[in-house]
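Remarks on the structure that follows.
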Amino acid sequence: MKLTHIEVITADQLNAADLALWSQCLKQRPELWGPYFDVRYFQAIAKTVPQAFIARLYSGDRLVGFFPFQKRGRIIQAFAAPLTDFQAVIAVENIDLSDIVSLLKARCFEFQGLIDRSAPCESPRPQKRLYADVSAGFETYYSANYEQHKKVFRNTERCRRNLNKDYPDLVFSWEPVTPEALKWIVDCKRSQYRQSGLHDVFACGWTADMLRALAKQNSDDFGLMAGVYRHGERIIAVEVALKSGSDLHLWFPGYDPAFARYGVGILMTLDIMKAVSGHVKRVDFGCGDEAYKSPLTTHFEPCWEGHVLAAPSRQSVNRINGLRAQLMRRLRIVRACELKLSGQLHGGWQIVRRAIKRSRLSVSMAVSVVLPELLLRGTYAGF
């Protein structure tokens, strides 16, 4: 479908007709499931995410869909990137992403976890959206996955026995996120980022504000939840998840490093899945390739990583793979979080340092990837 014009609004400007069309689009696009396509997600966080908007998409006089996005200079990204794991054009009919980029007067749309019926650009990188189907109940799910991954599950059960032996008073709870649990997981993730050299997505401030806004949602079928392990008054592990209807997205896991040998990360995930059995049909693990996800999930759906330009370029910049793709992915996180030049340059330098240290990449080669992406794509130029 060819778009003729767009109208840019904020999430709190969506009216009853917009909400009705949004709901209709989701019903006719079953692949758009989960909290990142729930309109309440955008409404809840709109005031905390800098430069975040929703584009009404028109073909002639007819409103045909919506495109949630945030702008960083003349680059557009998913609304609330990098925390938003999946994104899509909310429309029934196919819409060319390059049309949206052009109508927004942007240079580029960067995406990761894009749900699209076909390859959205010339050379996108395919990804997998991994999830566990628990619609038949936790015991049925556990038995089936146990048979396929006996070694992993036997080791997990051994870890649980050891944990129960050493900490018999350990308590698991599945609860709405509290300020205490939210602060604990943010502090935990920030410590992990410092140790790994990855960009601290919570250093910018607005990302933590966004989680606090979601924690204030008190709907029975939408909001932020957490699995928590406590030993007395001490929190030893938290996994924050976002629920939407009968879907649950596992979002931020973390645990006290002193408990690493007990495998509390996987134990926590299994306990959450057991706790939500009967209320949740799908548990979404995101699109990362972490080894622990394979034995815990049952299905996958395709999604995409890459970028779309407003107009075709003579030499495609979509053919990225290996180390270059990793650098680009990390740079997108920096660009999404940091609004100031100083923050983006600092984040870019951290990416270069980590690439040199881990891959023995030359300084000139690492800089040749990161610096042009920071400076030549109009990051600091306004629309």
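The values are calculated or read from the model by the stated rules, or taken from the named source; none is laboratory data. Every value quoted in this text rests on a predicted model; they were computed, and no experiment measured them. Reconstructed Cβ throughout: ideal geometry from the backbone, glycine too, with neighbour counts over all protein chains shown. Quick note on the areas: whole protein, heavy atoms, side chains included, nothing else; ligands and nucleic acids left out. Shrake-Rupley method; radii C 1.70, N 1.55, O 1.52, S 1.80 Å.
Ignoring lysines fewer than eight residues from K128 along the same chain, the ones with Cα atoms less than 28 angstrom from its Cα are K27, K71, K150, K151, K189, K243, K274, K281, K293.
Would you work out if the stretch 71-161 is rounded, prolate or oblate? Take a ≥ b ≥ c from the square roots of the eigenvalues of the alpha-carbon gyration tensor; rounded if a/c is under 1.5, else prolate when a/b is larger than b/c, oblate otherwise. It comes out prolate by the Cα gyration axes. When you restrict to C-alpha pairs under 8 Å that are six or more residues apart and normalise by the size of the stretch 135-251, the relative contact order lands at 24 percent. Result for the chain in a Gaussian network model with C-alpha springs under 10 Å: among Q87, Q326, Q70, the largest mean-square fluctuation is at Q326.
On a per residue basis, the stretch 65-115 carries 23 Å² of accessible surface, using protein heavy atoms and a 1.4 Å probe. When a/c reaches 1.5 or more, the comparison of a/b and b/c decides; with that in mind, is the stretch 62-115 rounded, prolate or oblate per its Cα gyration tensor? Because a/c hits 1.5 or more and a/b fails to exceed b/c, the stretch 62-115 counts as oblate.
GNM on the chain, C-alpha springs below 10 Å: top fluctuator among Q344, Q127, Q24? Comparing Q344, Q127, Q24 in the GNM, the peak value goes to Q24. With the charge dipole of the chain set up from +1 on Lys and Arg Cβ and -1 on Asp and Glu Cβ about the Cα centre, the Cα lying farthest toward the positive end among the listed residues L331, F252, W206 is that of L331. For the chain, the Cβ-based charge dipole about the Cα centre amounts to some 1480 debye (Lys, Arg positive; Asp, Glu negative; other atoms uncharged).
Run through the DSSP bridge list for the chain and note the antiparallel percent, rounded to the nearest 5.
Details: 59 of 66 bridges.
Taking every DSSP beta bridge within the chain, about 90 percent pair in antiparallel fashion.
Scan [x] 22.0; [y] 20.2; [z] 22.7 for the value of Kirkwood radius over Cα pairs in Å calculated from this model and give just the label. For Kirkwood radius over Cα pairs in Å, the calculated option is [x]. Taking all protein chains together, V49, V171 sort by accessible area into V171, V49, largest first [probe 1.4 Å]. Ranking L26, L163 by solvent-accessible area of protein heavy atoms (1.4 Å probe, all protein chains present), from largest to smallest, gives L26, L163.
Taking the chain as a whole, the Cys residues whose C-beta sits 4.7 Å or farther from every other Cys C-beta are C25, C108, C121, C159, C188, C287, C303. For the stretch 78-180, the relative contact order is 19 percent, taking Cα pairs closer than 8 Å that sit 6 or more residues apart in sequence and dividing their mean separation by the residue count.
In the elastic network of the chain, a GNM with C-alpha springs shorter than 10 Å, the most mobile of V201, V240, V92 is V92.
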